[in-house]
Amino acid sequence: MELMRSVPSSRYTSDSFAEREQRDVFSKAWIVASRTRHLMQPGDFVTVDGAGPSVFVVRDKQGHLRAYRNSCRHRGTRLLEGRGNVSAIRCPYHDWKYALDGRLRHIPGRDGFEPLERDSLGLLPVRVEEWGGFTWVNQDSEAEPLLSSLGDLVEELAPYRLEEMVPIQEAVWTLPCNWKALLDNATESYHLESVHNQSVQQHVDTEPDFTVYGDHHRLTLEIAGYEWRKWLDHRTARGGPYTDKQYAELHKYLLFPNFLINVLPYHLTVFQVFPDGVDRCKFVYGFYKRQGARGLEALRAYATWAASRWIWREDLAIIRQFQRGVMASEDGVHRLHNEEVAIAHFHAVLSRWINLNDTES
């Protein structure tokens, strides 16, 4: 796949392009629904919005995860909101009730309908799988299995034992930018010298190591490559076994289309972005330490989290300024630097999913 050397500005401003993303990408790709720890007990559920038609995931009474379209089979009313626990799934409009396994269990005033086949009116299922401590959904019945889609990443990420990570902070924000602008910013090092000159730039080697895994990619940066770092790494890194690069370098993995993780042995950062129009997105953020972290390991995780909050403030300011500017721009393209190679790969993959030719349509 040939990388792009420029990106059309319309990708950040066009309603029609946003519609194609929803139809051709988010409705067909594997999307993280939640950390699985939020779905441990029978009746625990989470809803997923912004990735094609709304869906929800629920743990049934036998302990299995199930996912369904978030829509009543009577007249389509939305069934669940947010996250919580239910004993059954009830439509708030006309009180149709469904079991956690999706079967329709109750129709008020059933005699008022023409004959209904209740067995054929269960909730519409959606594919659901687990990996890495996350629960994933896919609305495309013909998509390849999750682990196949992740390929070599499954083995490469196994030493980090992502399922052991517990939150220092989890938050959801609405941001005034296109969803791709946030991912672009997080995966290029060209802006570090100007935006982060007084913070992370002082400690980063800006020559990134870039690796492609099919539709996904990894960007590796050497951070704080000081001699004392090795001593600290080996005293704060559980899990493993790790390579020298996994000990010492920050690895950013973008799992197409909208899930980015920063991993080191002692912490995990999660960025997940959902479109909400061309100039707004929902940003799901999480910063995690390893379960049971104590002493120096815990101190390092919290210190890294505090530093990341400062860096994020710098990024957020420039991302807002970018979106305001691109909405006013008449320049048709964004030209890409060598240190923006991850952006080039991401947008080339996006083009393929949407079946675009060389000319944007």
Can you list the strands (runs of 3 or more DSSP E) lying wholly within the stretch 31-125 that have 3 or more residues being surrounded by 13 or more Cβ atoms within 10 Å (Cβ to Cβ)?
31-35, 44-48, 55-59, 65-69, 104-106
Here is a check on your reading of the model: is SER194 more than 25 Å from ARG37 (Cβ to Cβ) and either surrounded by fewer than 18 Cβ atoms within 10 Å (Cβ to Cβ) or aliphatic (A, V, I, L, M) (or both)?
yes
List pairs: first in the stretch 11-29 and over 17 Å from GLY332 (Cα atoms), second aliphatic (A, V, I, L, M) and part of a helix (DSSP H, G or I), Cβ under 8 Å, 6+ apart or cross-chain?
ARG20/ILE354; GLU21/LEU350; GLU21/ILE354; ASP24/ILE354; VAL25/LEU350; VAL25/ILE354
Residue count for the stretch 1-14, restricted to those that are in a helix (DSSP H, G or I) and under 22 Å from the mean Cα position of the chain (by Cα):
2
Find all pairs meeting these conditions: Cβ atoms under 9 angstrom apart; at least six residues apart or on different chains; first residue within the stretch 140-164 and over 23 Å from LEU268 (Cα atoms); second residue among the basic types (Lys, Arg).
ASP140/LYS28; ASP140/ARG127; SER141/ARG127; GLU142/LYS28; ALA143/LYS28; ALA143/ARG127; PRO145/ARG127
Members of the stretch 25-42 found to be under 17 Å from PRO257 (Cα atoms), of a type in the set (A, V, I, L, M) and in contact with a strand residue (DSSP E or B) (Cβ under 9 Å, 6 or more places away or on another chain), listed by number:
ALA29, ILE31, VAL32, ALA33
Is it the case that ARG324 is under 30 Å from THR13 (Cα atoms), basic (Lys, Arg) and not in a strand (DSSP E or B)?
yes
Where in the stretch 141-235 are there helices (runs of 4 or more DSSP H), lying fully within it, with 1 or more residues that are within 20 Å of ARG352 (Cα to Cα) and modelled with pLDDT of 95 or more?
146-150, 179-186
Take the stretch 1-28 and flag every residue that is touching a Ser or Thr at 6+ places or on another chain (Cβ under 8 Å) and within 17 Å of ALA51 (Cα to Cα).
PHE17
Farther than 30 Å from ALA29 by Cβ and surrounded by 13 or more Cβ atoms within 10 Å (Cβ to Cβ): is that true of TRP131 in this structure?
no
Quick check on my filter: what residues within the stretch 327-337 are assigned to a helix (DSSP H, G or I) and either surrounded by 13 or more Cβ atoms within 10 Å (Cβ to Cβ) or not assigned by TED's automatic domain parsing to the domain that holds PHE259 (or both)?
MET327
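Run down ARG313, ARG300, ARG309 and say which single residue is closer than 19 Å to LYS180 by Cα and either part of a helix (DSSP H, G or I) or of a type in the set (Ser, Thr, Tyr) (or both).
ARG313
The values are calculated or read from the model by the stated rules, or taken from the named source; none is laboratory data. From a predicted model like this one, the values you see are computed outputs, not experimental measurements. So basically every Cβ, Gly included, is an ideal-geometry build from the backbone, and we count neighbours across all protein chains shown.
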